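The values are calculated or read from the model by the stated rules, or taken from the named source; none is laboratory data. The model shown is predicted, which means the values in this text are computed figures rather than measured ones. With ideal geometry, Cβ positions are generated from the backbone for all residues, glycine too; neighbour counts draw on all protein chains shown. The area values use the complete protein model at the heavy-atom level, side chains included, leaving out ligands, DNA and RNA. Shrake-Rupley method; radii C 1.70, N 1.55, O 1.52, S 1.80 Å.
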Amino acid sequence: MTKVLVAFATRFGSTREIASAIARELNTAGFDAIATEATSSIDATNYDALVIGSPIYGRKWLATAGLFATINSERISGRPVALFSVGTLGVKNQPAAKQEHEDFVGDLREVAPKLNVVSDDVFNGYFERANLPWYLRLIDRFAPTPEGDHRDWQAIESWAKSLVHKFR
Ligand SMILES: Cc1cc2nc3c(=O)[nH]c(=O)nc-3n(C[C@H](O)[C@H](O)[C@H](O)COP(=O)(O)O)c2cc1C
């Protein structure tokens, strides 16, 4: 059975739930998938395919997810990898969110050229103004992001389904 690791980083939990939904969808399709936080203790070579995801903070992934992808890129060389970002820029400006995601994925591919990226996408996340540091709250006042859960579960599930033939 194809073993898939869905490795994620998160600060407030919304990316964990997205990673779990992706693993659930892959399991439904007959894979042996688990979602777990990206850490250095994981042996990525135990898996046939990987999904790696992170929320975007300040236009970048969280360091743990980026490091996980970079460090393992040599070890898992050749195995299919799918990448996803989570952010709230897309709630009001989808093209800007896509660009932000593509910029990060481009940077990641430069530092980890052996990553065999077969798919990548960006999803809207969860926004709570209280999580912003005070100086960002001031900036957010001028073009406020709508608060709440903006995750599109259908989009997430259909992306997970699209990975099935890429991982087989
Ligand atoms: C301080 C801060 C900075 C953020 N920066 C970005 C950003 O640059 N681009 C973006 O699309 N979303 C940004 N977000 C939104 C988060 O990516 C979003 O809330 C995400 O769902 C958080 O995921 P998590 O719950 O897994 O930590 C930011 C949120 C906070 C609190």
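Looking across the stretch 23-58, the residues that are under 15 Å from R11 (Cα atoms) and in a loop (DSSP other than H, G, I, E, B) come down to A38, T39, G58.
The condition (being open to solvent by 10 Å² or more (accessible area, probe 1.4 Å) and more than 16 Å from the ligand (Cβ to nearest atom)) is satisfied by just one residue among N72, N27: N27. Just checking, does the stretch 46-69 include any residue being charged (D, E, K, R), under 26 Å from L26 (Cα atoms) and either open to solvent by less than 50 Å² (accessible area, probe 1.4 Å) or touching a helix residue (DSSP H, G or I) at 6+ places or on another chain (Cβ under 6 Å) (or both)? No, the stretch 46-69 contains no residue that is charged (D, E, K, R), under 26 Å from L26 (Cα atoms) and either open to solvent by less than 50 Å² (accessible area, probe 1.4 Å) or touching a helix residue (DSSP H, G or I) at 6+ places or on another chain (Cβ under 6 Å) (or both). Residues in the stretch 1-12 that are over 12 Å from the mean Cα position of the chain (by Cα) and touching a residue at least 40 places away in the same chain (Cβ under 8 Å): T2, K3, V4, L5, R11, F12.
Quick check on this structure: which one of F123, F127 is touching a Pro at 6+ places or on another chain (Cβ under 8 Å) and within 15 Å of the ligand (Cβ to nearest atom)?
From the options F123, F127, the qualifying one is F127.
Among the residues of the stretch 121-153, the one identified as farther than 18 Å from S85 by Cα, basic (K, R) and in contact (Cβ under 8 Å) with a residue 12 or more places away in the chain is R129. Applying the set (1) within 14 Å of the ligand (Cβ to nearest atom); (2) open to solvent by 40 Å² or more (accessible area, probe 1.4 Å); (3) closer than 19 Å to V4 by Cβ to F84 leaves exactly one unmet item: (2). The test for being within 18 Å of V6 (Cβ to Cβ), within 16 Å of the chain's Cα centre (by Cα), among the hydroxyl-bearing types (S, T, Y) and more than 13 Å from the ligand (Cβ to nearest atom) holds for T36.
Yes/no matrix, rows are residues, columns are (1) at pLDDT 95 or above; (2) open to solvent by less than 30 Å² (accessible area, probe 1.4 Å):
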site: V105; (1), (2): yes, yes
site: A112; (1), (2): yes, yes
site: D121; (1), (2): yes, no
site: N124; (1), (2): yes, no
site: F142; (1), (2): no, no
site: G148; (1), (2): yes, yes
site: W159; (1), (2): yes, yes
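Just give me the residues in the stretch 30-45 being within 14 Å of L83 (Cα to Cα) and either crowded, with 24+ Cβ neighbours inside 10 Å or of a type in the set (K, R) (or both), in sequence order. Step through it out loud before you land on a result.
The first filter runs over the stretch 30-45 and keeps only residues within 14 Å of L83 (Cα to Cα), leaving 35, 38.
Hit for the stretch 30-45 is A38, nothing else.
Among the numbered conditions (1) farther than 26 Å from P133 by Cβ; (2) small (G, A, S); (3) at pLDDT below 95; (4) out of contact with any strand residue (DSSP E or B) (no Cβ under 9 Å at 6 or more places or on another chain), the only one that G58 does not meet is (1). If the condition is being within 14 Å of the ligand (Cβ to nearest atom) and open to solvent by 10 Å² or more (accessible area, probe 1.4 Å), then the stretch 9-24 contributes T10, R11, F12, G13, S14, R16, E17, S20.
Which residue is farthest from N72 (Cα to Cα), if the candidates are limited to the stretch 1-22 and must be part of a loop (DSSP other than H, G, I, E, B) and of a type outside the set (F, W, Y)?
Narrowing the stretch 1-22 to residues part of a loop (DSSP other than H, G, I, E, B): 1-2, 9-13.
Now restrict to residues that are of a type outside the set (F, W, Y): 1-2, 9-11, 13.
Values: M1: 22, T2: 19, A9: 15, T10: 19, R11: 22, G13: 24 Å.
Per the criteria, the residue is G13.
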